[in-house]
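Novice: Here it is: the structure, laid out below.
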Amino acid sequence: MSRISTTLLAGALVWWTAAGVQAQSKTIPGEHHTVTATVETVDMAARQVVLRTKSGELRTVQVPAEATRLGEIKRGDVVSATYYDNLVVRVKPAEEPDVDTRATSATPGTGARPGATTATQQTMTAIVDAIDLNAPSISFKGPRGWSHQTKVKDREALQQLNVGDRVDIVWTDATLVSVAHPAK
């Protein structure tokens, strides 16, 4: 939840198609969380917004310069951020070279309400590090010390993989942020 809170006003949602992902790929749905908070204060000079979560916790969010509609946000406004992530995994043929790319996009909102979208998509070659058919879950290790473990709903797909398999992973994570004035 803190990951979402720190990106509430700089969030993003961009869905890309996974270039190079062929018919033998498997999509592993990831996290999908929505968090709402109420604006307590807006400091235009410091470009900071203090938000109060539903549990009463105060969070200070630094608003990037790209967020051009900060002046429209007022005390009492409700900020909503939805975080998504998604993995597409494909067993990699032995002759294919490794891949390791990362692209990030941020777009300010263009609607009637302030908001923004941001997304990062990584494509990398990783190794299946562990498989637990009881959980069921899978763990990967990749470049730059990257590692990831996730639960898997499709046990049949999991049974088609082995520890040590090279796989290409396309990992997309994104946040969509909107600001609404309180209902009167």
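Any read-out appearing in this document is the output of simple, stated calculations on the displayed coordinates, not a laboratory observation. Only a predicted model underlies this, so the values are computations on that prediction, with no experimental measurement involved. Neighbour counts run over all protein chains shown; Cβ positions are idealised from the backbone, glycine included.
Novice: Taking amide H positions as placed in the peptide plane 1.01 Å from N, state which residues far from Ser137 in sequence (5 or more) or on other chains have amide H under 5 Å from it.
Specialist: Placed amide hydrogens put Asp132, Val152 under 5 Å from Ser137.
Novice: Compute and list, largest first, the equivalent-ellipsoid semi-axes of the range 76-184 from the alpha carbon gyration tensor, each √(5λ) rounded to a whole angstrom.
Specialist: 36, 17, 10
Novice: Among Asp77, Asp168, Asp100, which comes first, second and so on when ranked by fewest other beta-carbon atoms within 10 Å?
Specialist: Fewest-to-most Cβ neighbours within 10 Å comes out as Asp100, Asp77, Asp168.
Novice: What ranking do Ser147, Ser137 get, fewest neighbouring Cβ atoms within 10 angstrom at the top?
Specialist: Lowest count first: Ser147, Ser137.
Novice: Moving to a separate point now. List the lysines whose Cα sits under 30 Å from the Cα of Lys92, skipping any in the same chain fewer than 8 residues away.
Specialist: Once the sequence-local lysines are set aside, what remains near Lys92 is Lys26, Lys141, Lys151, Lys153.
Novice: For the range 61-67, in order, what is each residue's ³J(HN,Hα) by Karplus, 6.51 cos²θ - 1.76 cosθ + 1.60 with θ = phi - 60°, in whole Hz (x at glycine and Pro)?
Specialist: Each residue of the range 61-67 in turn: 10, 7, 9, x, 4, 5, 7 Hz.
Novice: Can you sort Lys92, Lys54 from fewest to most other Cβ atoms within 10 Å of each residue's own Cβ?
Specialist: By the 10 Å Cβ count, ascending: Lys54, Lys92.
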